[in-house]
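The values are calculated or read from the model by the stated rules, or taken from the named source; none is laboratory data. The structure presented is a predicted model; accordingly, all values stated were derived computationally and were not measured. Heads up, the Cβs are rebuilt from the backbone with ideal geometry, glycines too, and the neighbour counts pull from every protein chain shown. The accessibility values were calculated without ligands, DNA or RNA, using every heavy atom of the protein model including side chains. Shrake-Rupley method; radii C 1.70, N 1.55, O 1.52, S 1.80 Å.
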Amino acid sequence: MTNLVAPSILSANFSCLREDIEMLEKGGADIVHIDVMDGHFVPNLTIGPVVVSSLRKITELPFDCHLMIDEPDRYFKRFLDIGIQYISMHMELEDKIEKCIEITRSYDTKFGLAINPETPVEKLIPYFDRVDFVLVMTVHPGFSGQTFMGNASFKIKKLRDMGFGGIIEVDGGINAENASKVRKMGADILVAGHFVFDNNVEKAIKMLR
Ligand code: DX5
Ligand code: ZN
C-alpha cells in the first residue's frame with residue numbers, strides 16, 4: 001500500500017497555475033490531479049489537452065488526469081501523448097471502456113476507472129485485472145469544495161474485500177479528519193482540492209499523509 005497525496009488544481013488560482021503548481025512541488029505533493037470537465041458529463045467546464053500540455057513543461061511531478069467527459073475515447077490519445085502518468089475515465093460510460101483500455105495499452109500511463117457515488121462498486125469486478133487503479137468519488141463530480149460522502153467511501157473497503165489489488169484513489173471532500181479513515185479502508189492516493197489550497201499547502205499535505 002502506498003501513501004500518496006495528489007492535490008487537485010481545480011482549487012488553484014487559474015490565472016497563476018505555474019506559481020500554484022510550484023507551490024505544490026515545494027509543499028511535498030506527490031502527484032498533480034487535473035480535473036477535465038466538458039459541461040456534459042458534469043455541469044462544469046475546465047481545461048483540456050492544450051493547457052495540460054503547457055503545464056507538462058513546468059514541473060516534473062506526475063500528472064493524473066481525471067476525465068469527466070462524455071467522449072473520453074475521442075480525447076484519450078491527446079492526453080496520453082502529452083506524457084501523463086495516470087489517466088482515468090468514468091465507468092458510467094461503460095461502452096467506452098474497452099476502447100480506452102486499448103488506446104492506453106501502448107503507453108506507460110496507468111489506466112483508471114472512476115466511479116460515481118451512486119454507482120454500485122460490483123460493476124467494477126469485470127475490469128479488476130485490466131485497470132491499474134480505481135478512483136472512488138466521495139462527492140458528485142463537477143466541483144471542488146463539496147462535503148465528503150461517508151457512504152461512498154465504504155467502496156474502498158469493499159474493493160479490498162472483493163480482492164482488488166490495484167491502486168485505490170479517493171477524490172472529493174478529503175480533509176484532515178477523514179484522511180486517516182480512508183487510508184485505513186485501503187486508499188493509496190488521496191486527492192484534495194479545497195483542503196490543500198485553502199490552508200498552508202505544506203502543512204495540509206503533511207496532515208493528509
Ligand atoms: C470533483 C473533482 C475533484 C475536486 C476535489 O469533481 O473530481 O478532484 O477537485 O476537490 P475537493 O477536495 O475540494 O472536494
Ligand atoms: Zn478529480
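Considering only residues that are over 16 Å from residue 148 (Cβ atoms), touching a Ser or Thr at 6+ places or on another chain (Cβ under 8 Å) and in a helix (DSSP H, G or I), which ones fall in the range 167-209?
Of everything in the range 167-209, just one residue is over 16 Å from residue 148 (Cβ atoms), touching a Ser or Thr at 6+ places or on another chain (Cβ under 8 Å) and in a helix (DSSP H, G or I), namely 197.
Tell me which residues, restricted to the range 48-59, are in contact (Cβ under 8 Å) with a residue 24 or more places away in the chain and either part of a loop (DSSP other than H, G, I, E, B) or within 14 Å of ligand 1 (Cβ to nearest atom) (or both).
Result: 48, 58, 59.
Could you check how many residues of the range 120-147 are assigned to a loop (DSSP other than H, G, I, E, B) and among the aliphatic types (A, V, I, L, M)?
Result for the range 120-147: 2.
Any chance you could count how many residues in the range 124-148 are closer than 25 Å to residue 47 by Cα and open to solvent by 70 Å² or more (accessible area, probe 1.4 Å)?
3
Would you point out which residue out of 10, 17, 67 is within 16 Å of ligand 1 (Cβ to nearest atom), in contact with a Gly (Cβ under 6 Å, 6 or more places away or on another chain) and not in a loop (DSSP other than H, G, I, E, B)?
Going through 10, 17, 67 in turn, the sole match is 10.
For the range 148-162, state whether one or more residues are in a loop (DSSP other than H, G, I, E, B) and away from ligand 2 (no atom under 16 Å from the Cβ).
Step one: of the range 148-162, the residues in a loop (DSSP other than H, G, I, E, B) are 148-149, 162.
From what is left, the residues that are away from ligand 2 (no atom under 16 Å from the Cβ) are 162.
Checked the range 148-162: at least one residue is in a loop (DSSP other than H, G, I, E, B) and away from ligand 2 (no atom under 16 Å from the Cβ).
Among the numbered criteria (1) within 15 Å of ligand 2 (Cβ to nearest atom); (2) surrounded by fewer than 21 Cβ atoms within 10 Å (Cβ to Cβ); (3) of a type outside the set (Gly, Ala, Ser), which single criterion is violated by residue 5?
(2)
If you scan the range 149-199, which residues turn out to be aliphatic (A, V, I, L, M) and surrounded by fewer than 18 Cβ atoms within 10 Å (Cβ to Cβ)?
Listed by number, the residues that qualify are 149, 162, 176.
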